[in-house]
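Here's the structure, in structure tokens; my notes come after.
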Amino acid sequence: MKIIVVDNYEELSRTAAEMVAEVVESNPCATLGLATGSTPIGCYEMLAEFCKDKKLSFKNVSAVNLDEYVGLDKKNEQSYAYFMRRELFDRVDIDKNNTHIPNGKASNLLDECSRYSKLLNDTDRDVQILGLGSNGHIGFNEPNTPFDSLTHVVDLAESTIRDNSRLFYDGEQVPRQAITMGIAEIMQAKRVIMLASGLNKAQAVKRMTQGEVSNDCPASILQRHPDCTVIVDKDAASLLKK
Ligand code: F6R
């Protein structure tokens, strides 16, 4: 695990965007594993800038996302499908037919999980972007999820519902369930870039990078990934032992 500590969120976003750009430059048909949430927004913004300036093209790139809320249609502004279009897909030249996200409105959620697992299994992911839950989750794999989990429906932890309520107009509307890529599938990506920013992530960053590998902190499994880079700003790194 390589840890890069940067001064601030802007630098974190630039560093991550440059790494993703390198992946796409070296393989224009790359498959990117993408995350939602507030942390990668700056990175997506910079990737959109690179594309606008014709420095980068996503024309032949594919994308697979980590997760989606159960019960939200892709047209719902709070859905992760909508988020991805707003923050990235509508701003770059990606073919939207090559973008994938679990369907939170599927009539049979178990079938949807199997379909998504198969898609992941059939796709080589060049890089997986991750954010970090303040409770150590990755994707929506909450504490105590087995490390060998595949795509599944999850009951969100109260802390996750609380953390995410800031993004909803009314805290009561935060969905209680999501479909998430499993930990085993996250680990299958050739490369992982984990982003964490802010003091509220400091404890989870310490646990992920310097604690024991244990499923009470799902992100700690990244210590065993052969090519994982953690990019953190000073606040998120503030509890790390030198
Ligand atoms: C999002 C996801 C989550 C977030 C995490 C951090 O697709 O899978 O694991 O990355 O909850 O969220 P933010 O970045 O909003 O702090």
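In plain terms, the chain from residue 115 to residue 55 could stretch by 18.1 nm, reckoned as 0.36 nm per residue minus the Cα-Cα distance.
If you roll a 1.4 Å probe over the heavy atoms of the protein chains, what accessible area per residue do you get for the chain, in Å²?
46 Å²
Quick one: with all protein chains in place, what share of the accessible area of the stretch 200-239 is carbon or sulfur, to the nearest percent (1.4 Å probe)? With neighbouring chains kept in place, the figure for the stretch 200-239 is 40 percent. The stretch 18-111 has equivalent-ellipsoid semi-axes of 25, 14, 11 Å, by the square roots of 5 times the alpha carbon gyration tensor eigenvalues, sorted largest first.
Would you be so kind as to identify all helices of the chain, as entire DSSP H runs, whose Cα atoms reach 30 Å or more along the helix's own axis and whose mean Kyte-Doolittle hydropathy is at least -1.0?
Values: long enough: none.
Helices passing the filter in the chain: none found.
For the chain, the C-alpha radius of gyration divided by 2.2 N^0.38 Å, with N the number of residues, is 0.94. Within the same chain, lysines fewer than 8 places from residue 234 are excluded, and of the rest, those with a Cα less than 23 Å from its Cα are 2, 201, 206, 242.
The values are calculated or read from the model by the stated rules, or taken from the named source; none is laboratory data. What you see is a predicted model, and the numbers here were worked out from it, not measured in a lab. For accessibility, only protein heavy atoms count, side chains too; no ligands or nucleic acids. Shrake-Rupley method; radii C 1.70, N 1.55, O 1.52, S 1.80 Å.
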